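Just so it is clear, none of the values below were taken in a lab; they were calculated from the coordinates. Everything numeric in this text was worked out from a predicted model, so none of it was measured. Here the Cβ positions follow ideal geometry from the backbone for every residue, glycine too, while neighbour counts run over all protein chains shown.
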Amino acid sequence: MFVAEIIGTVVATEKDPNLLGITLLIVQPLDEERLPKGSPIVAADTVGIGVGELGLCTGGREAAMALPKPFVPVDCAVVGIVDNLDVEREKIS
Amino acid sequence: MFVAEIIGTVVATEKDPNLLGITLLIVQPLDEERLPKGSPIVAADTVGIGVGELGLCTGGREAAMALPKPFVPVDCAVVGIVDNLDVEREKIS
Amino acid sequence: MFVAEIIGTVVATEKDPNLLGITLLIVQPLDEERLPKGSPIVAADTVGIGVGELGLCTGGREAAMALPKPFVPVDCAVVGIVDNLDVEREKIS
Amino acid sequence: MFVAEIIGTVVATEKDPNLLGITLLIVQPLDEERLPKGSPIVAADTVGIGVGELGLCTGGREAAMALPKPFVPVDCAVVGIVDNLDVEREKIS
Amino acid sequence: MFVAEIIGTVVATEKDPNLLGITLLIVQPLDEERLPKGSPIVAADTVGIGVGELGLCTGGREAAMALPKPFVPVDCAVVGIVDNLDVEREKIS
């Protein structure tokens, strides 16, 4: 799983029927210091998160487990709203 | 999930019987500014998208969920036609 | 699977109901010489590991197999506490 | 999915019983201009492809869907013989 | 799938009950010329391979298919002992 900032949405009118009603978010993965890591990807919202908030994201087959119907073509979902990243120990080196 | 531009097709006469009738697209993944990200891959079409259009792509086991028969050897599918990428918040740094 | 040092936790109050009660750890993947490899990710704890300890982590769909309920949106889990990395043969080149 | 040139085979006498009779190919992934992309990996043959031919490869859990028994430890398979890559639109750059 | 040299083992006393009795190997992925590719990872042994030997490794959900119990938190397994890599055609460029 990874933490990402929500930076926008994808608008797609024609799509798989199982995606109807699912908000497609553009999310920027962050590292443990909240700095961007790699480039943004698209994730399905499952918690009602908004732009500017930090989301906990799950990838792969597991992402769909957070949706009402688990057999949908979704490979990344926001499954939590992050309140805090608590790094107790400094990263090595 | 990711957004990609459709740039071509793959022609394969001999193939797994479960792939018969499925259009195999060459898709170029894009970033949130619609610039190419990495090199093109092959994805199954599920929405009737054409070359030059932007598709929403799903990878992994979930891709096959968008096909009529879900137990097929497909690991990437175009599951939506993207109308717009709405980046409300600027990417950090 | 990979070995990672536990460096912190993620606090997320609003989340998927299946994640309630699961500790979300920030883990730093390490190489065979215990040096950091890539940047930290988030993993579910299944063994009661603490910050500063080395965990054996499993990714993908298999991660959820270590949780009480296997159909949860988790794609990485700590499934063991590493006592030792026993590299008997030197890495080539 | 991706396109790869078949460049060799792996010989493994002792192996999982479910792999008996499956040809293990060394495949070099190619980009849309048929140039090598990354380094070769090992894929199971499901279409009777030969060295020097271009194969359509599927990764992950889906690869096993192309084999007679789907519950085998195979994570990449050649599922088609590529006749042509038809890039209609130039890659954005 | 990929070929890797077995370079050591991971010792983890406290672990998921489904991992008991499974040897956890440290494996160094190799390219087609038997040179190291990336850094070592951890894989479950299913064929009784030893340090210094070359193993055929499978990743993802498929890895667990080679274990006695398929619903275990393992995402990489050694599923064969490699006798030879037979590269018949030179790698392009």
Inter-chain shielding metric for B:30-42, i.e. average beta-carbon neighbours from other chains within 10 angstrom, reads 5
Cross-link pairs beyond the 20 Å C-alpha cut-off, checked among A:K69/B:K15; D:K37/E:K37; C:K69/E:K15; A:K15/B:K69: A:K69/B:K15
For the protein assembly as shown, what class follows from the C-alpha gyration tensor (a ≥ b ≥ c being the square roots of its eigenvalues): rounded when a/c is under 1.5, otherwise prolate if a/b is larger than b/c, else oblate? oblate
Answer in debye to the nearest 20: the dipole magnitude of chain A about its Cα centre, from +1 Lys/Arg and -1 Asp/Glu charges placed on Cβ, is 280
Sticking to Cα atoms, compute the Rg of chain E to one decimal and its Dmax as the biggest Cα-Cα distance, whole number, in Å. 13.9, 48
Tell me, for the rotation carrying C onto D, which chain C residue has the beta-carbon closest to the axis and what that distance is in whole Å. C:R61, 4
Just in region A:1-34: which GluC sites (Glu not before Pro) are loop by DSSP and have at most 12 other Cβ atoms within 10 Å? A:E33
If you average the sequence gap of Cα pairs under 8 Å that are 6 or more apart and divide by the length of chain E, what percent do you get for the contact order? 29
Which translational diffusion coefficient, to the nearest whole µm²/s, is obtained for region E:1-49 from the Stokes-Einstein equation, given a Kirkwood hydrodynamic radius over C-alpha pairs, 10 °C and 1.306 mPa s? 135
Gap in Å between the Cα centre of region A:1-23 and the Cα centre of region E:11-67? 36
